[in-house]
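In what follows, a structure is listed as structure tokens, so that the remarks can point back to it.
Just so you know, all these numbers are worked out from the coordinates, no wet-lab data involved. Because the structure is a prediction, the values reported are computed rather than measured. For neighbour counting, all protein chains shown are included, and Cβ atoms are generated from backbone atoms with ideal geometry for every residue, glycine included.
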Amino acid sequence: MATSYSSDALQRFSRKHIPLLYYIRKPIFLLISLALIIVYACFLPNPQETSAFFFYLNLSVLIAVLVCWCVIILADWEKPEYVKMLVAFFLLSMLALLFYRFSGADWARLIHFFFNFPIMKGSWHVLFRGLSTTVILSICSFFSCVFVGLLIAIVRSFKYHSVNLLITMYVDIFRSIPVIVLMVVLFFVFPFLGMYLNSYLTTFTALTLSYGAYTAETFRAGLETVSSGQVEAARSLGLSRWQTLRKITIPQAVPIVIPVLTGNMIAMMKDTAIASIVATPELLKSARELYTAKTSPTPLICAAIIFLAVLLPLVRLVNHMERRVNKSGPHY
Amino acid sequence: MLKDYTESNTFKKLRDTSGRVPLIRQPVFLIASCVALVLYGSMLFWASGEGLVIRIALSVFVALLVTWTGIIITDERRGERLKTSMVFLVLAVLVLLFLEFHVTNSEEIIELFFNITVIKKAWPYLVLGFKTTISLAFMAALVSTVIGLTLAIFRSFDNKVLNFFIIAYVDFFRAIPIIVLLMLIYYGLPFLNIRLSAFASGVLGLGLNSGAYVSEIFRAGFLSVSKGQLEASRALGMTPWQTMQKVALPQAFKAVIPPLVGNYVASAKDTALCSSISIIELLKAGTAQQSLNANPSPLIFVTVLYLILFVPLTRLCGYIEKRMKKTQRQITV
Amino acid sequence: MDPIIRVESLHKSFRDLHVLRGVSIEVNRSEVVSFIGRSGSGKSTLLRCINRLEEPTSGEIWIDGVNIHEPYIDINKVRAEIGMVFQSFNLFPHMTAIDNIMLAPVCVRKISRQEAKERGLSLLEKVGLAEKANEYPEKLSGGQRQRVAIARALAMQPRIMFFDEPTSALDPEMVGEVLDVMAQMASEGMTMLIVSHEMGFIREAADRVLFLDEGKILEEGTPDDIFNRPQFPVTRDFLGKVL
Ligand SMILES: Nc1ncnc2c1ncn2[C@@H]1O[C@H](COP(=O)(O)OP(=O)(O)OP(=O)(O)O)[C@@H](O)[C@H]1O
Ligand SMILES: [Mg+2]
């Protein structure tokens, strides 16, 4: 193309210097640096032979360089998709390899200690009994905390200042105390008051009190998403406070609240594991007993797998719901 | 009449048709019932003892008291100050009743729960535990920020392979209870010859877990800046760095800070879970001292400490969230 | 005189969607060129390729005789000379109107804040929004937002302006105020590339109309030619629908 560069435009548009990135992104440079990285990785000093400091310094430099190299390619839109895929695979496998090689783990013992099938076979039924306790406890506490939360949120929405003061205190206190502290206090301190709560009741009460506060906040946030203008409009149409709540506010708040509520449910189910501290025979407690009895971490692994099997679908569900709420946009 | 929101329609109708204040709102009724309640209450205090009759009388009293307070509170024409003092008065009465009827040895209560000598004895250990809690919280925050930011950056490349692993990571740690994770790390890993100190296990467990949440927060922050704005600033000839600095970061910052602070606070609260893997943090120090002295004062004290630490922090989160929401100027178009 | 914009057989595809299929255009200085065509015909993509908001798949683009894909070209300097106005305003919501306008002159052109502010205020006056300088975008109406966006682009003193359906997100009564500003710019001799469905405005202001169909320029001519004597049935069909 014969172009008549207008020299002043050339001057106006041209860079003072071509940025480094332009050269760095050339395939030839990337290939050479890849080769260097791989060579570096191969000749990484052995942890047994050098000082620990020197070894970790080398390792972190290697990882940093590796990550930078991948980021350079991944962040470049002009590189085709399949190259990026390859780079991603390369990054992941390199990291896995480095971990395998240098974490100091004794991988030969992995199967024997972590996935010991005879021990697994012996522990499932105990663990499932624990699981049923976990599930029942969390469902009961969930319903009671939803009840508490809803009650509090509705009462609060009426804006009686004196009551709201109390509610705020309740919410603040129980959101601030970790559940485990609450359980310990209920279980170990209340007997001094002459009140004996058994471990189930302790868990139930602690979870209800604590998650009641969270749920109240959730519901309040849900009710507050409905603009005051709408409430005023409804009131000006002659709807009563209750009617406004029922016809205008709650229908709009529910789709917002449901995902958060499910999230609370997950968090609560996770927190039932804490009940093992106060000797509730739930999943984790059973697993720990088996762990001590058989001196093998396999039951713990099994417990983790069971927790995942129950909770992962719920987590995915929450993800899905959140995405849907976000997609449908603000509700007005 | 504009402020007449709190009355339900039926009351309004009652008043409009009869032109009178309904019976239960009339001062005479309120004062009379108040006097009756006081009499009833003082009788109860005198007749303290055991037995079913007392129990029933007590429950009836509490129910009446609560109803009466409800009537006062829902009355729009009473002043706020009166209502507030009323609520606290009733609360005090309820606490008194509880102490009177449910606590077997109420005279020893101070001795038991607020025993200064025991707390003094336990003090050095509690301080040590407190320090451990704080350093756990900071280290966990640091680790989780590094993990979360890295994951969010890699997530923003929108690469299917990486996304799969990042989502798997995030979901895994959202699904597994922290305490299970801590136990796996502390009790499980040594079998593989990976030996971490209790403190390191705690930091790792909390950091891995909270890192998952942090990465989601950063991702939402990145997404909160609309693509159109980035394009507009590029079209104005701003370099990527300038775009980042002047357009993207100020907005992402506002979207990120409130949940991030909330997450750090939550993760700081989760440090209490580390007591289960024999890290002597605040809770563990409290329980240890309780069993050592056979007195729950240290534990009470620890609870109060948690309150002192976390009530302001929780409030701060709420405040930041509210402020950011106010200053966040969102236009969708 | 050489054209200020020259596009040579431009192709652009998104994955397997071939949006632009060999577009070649030349635009002279002070010319007002308008693109029309059905939705999805690639009008926005074309404009965005010209200032490299999208990277073309193939083809070459010269601005002022300079190939903007050469590595020694700083695309930001090119963009600074091309103002772009979007359909969806894209004002920065965390800045006031005047801050929106001052941002790029201060950051990119490196002029002093004082000067930028004066320039910004005079531009706001020009688009009739002098009193809204300190409002945040959320407080402005659609038409006002778009006029601020135009002022923001003009503050860089561009030599070329791109408009990508600047009025289609606006209520009908606000369209006029934006078009007035654009017409004034055209009369001042600005080179403008306009994607718009405001046929009345195009007839008045445009020197040349290009009809895009399926990523190609199907027809090109004066507004009079295109609107009154369209050559192709597709064009006729399209015009029949929008006029
Ligand atoms: N970033 C993108 N990724 C994938 N496809 C895209 C992208 N941007 C545009 N397209 C596709 O390219 C085609 C042309 O889009 P373009 O926005 O250029 O059309 P248009 O002529 O401006 O239409 P309209 O009048 O509706 O604005 C459309 O089919 C669109 O789906
Ligand atoms: Mg378009």
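Brief remarks follow.
- Considering only C:Leu212, A:Phe117, A:Val189, and ranking their Cα positions along the charge dipole of the protein assembly as shown that arises from unit charges at the beta-carbon of Lys, Arg, Asp and Glu, the one farthest toward the positive end is A:Val189.
- For the stretch A:25-42, the residues whose backbone nitrogen is under 11 Å from a point 7 Å from the Cα of A:Leu86, taken along Cα to Cβ, are A:31.
- Computed over chain C with a Gaussian network model linking Cα atoms closer than 10 Å, the most mobile of C:Arg52, C:Arg208, C:Arg229 is C:Arg229.
- Each helix, a run of at least 4 DSSP H residues, gives -39500 (n - 2.57); summed and divided by the residues of the protein assembly as shown, these come to -21000 deg cm²/dmol at 222 nm.
- Qualifying lysines (Cα of each under 21 Å from Cα of C:Lys126; at least 8 residues distant if same chain): C:Lys117, C:Lys139
- Listed pairs A:Lys121/A:Lys294; B:Lys254/B:Lys322; B:Lys227/C:Lys110; B:Lys254/C:Lys132; B:Lys227/C:Lys77; B:Lys83/B:Lys269 exceeding 23 Å between Cα atoms: B:Lys227/C:Lys110; B:Lys254/C:Lys132; B:Lys83/B:Lys269
- Ranking B:Gly237, B:Cys274, B:Ile167 by how far each Cα lies toward the positive end of the dipole of the stretch B:116-332 (charges on Cβ) leaves B:Gly237 at the top.
- Taken about its Cα centre, chain B carries a charge dipole of about 1280 debye when Lys and Arg each add +1 at the Cβ and Asp and Glu each add -1 at the Cβ.
- Annotation: lysines with alpha-carbon distance below 19 angstrom to C:Lys12 (same-chain offsets under eight excluded): A:Lys79, C:Lys43, C:Lys216.
- Relative packing of A:102-115, C:87-100, which averages over residues the other C-beta atoms within 10 Å, highest first: C:87-100, A:102-115
- The HN-Hα couplings worked out from phi for the stretch A:177-182 by the Karplus form 6.51 cos²θ - 1.76 cosθ + 1.60 (θ = phi - 60°) are 8, x, 4, 5, 5, 4 Hz, whole numbers, x standing for Gly and Pro.
- Take the Cα radius of gyration of the stretch A:2-105 and divide it by 2.2 N^0.38 Å, N being the number of residues; the result is 1.52.
- Against the empirical 2.2 N^0.38 Å (N residues), chain A has a Cα radius of gyration ratio of 1.48.
- Under 14 Å from the Cα of B:Lys246 - aspartates and glutamates, other chains or at least 8 residues apart: B:Glu231, C:Asp99
- Counting, for every residue in B:168-176, the Cβ atoms of other protein chains within 10 Å of its Cβ and taking the mean gives 6.
- Most mobile of A:Arg12, A:Arg129, A:Arg316 in a GNM of chain A (Cα contacts under 10 Å): A:Arg12
- Spatial separation of Cα centroids for the stretch B:35-95 and the stretch A:130-206, in angstrom: 23
- Cα gyration tensor shape of the protein assembly as shown, rounded if a/c is under 1.5, else prolate or oblate by comparing a/b with b/c: oblate
- Rounded Å value of the spacing that divides the Cα centres of the stretch B:186-210 and the stretch C:167-193: 64
- Signed unit charges on C-beta, dipole axis of the stretch A:2-105, positive-most listed residue A:Tyr100, A:Phe89, A:Leu34: A:Leu34
- Its Cα centre serving as origin, the protein assembly as shown has a Cβ charge dipole (Lys and Arg +1, Asp and Glu -1) of approximately 1600 debye.
- Each Lys and Arg contributes +1 and each Asp and Glu -1, all at the Cβ; summed about the Cα centre of the stretch A:118-328, the dipole is approximately 440 debye.
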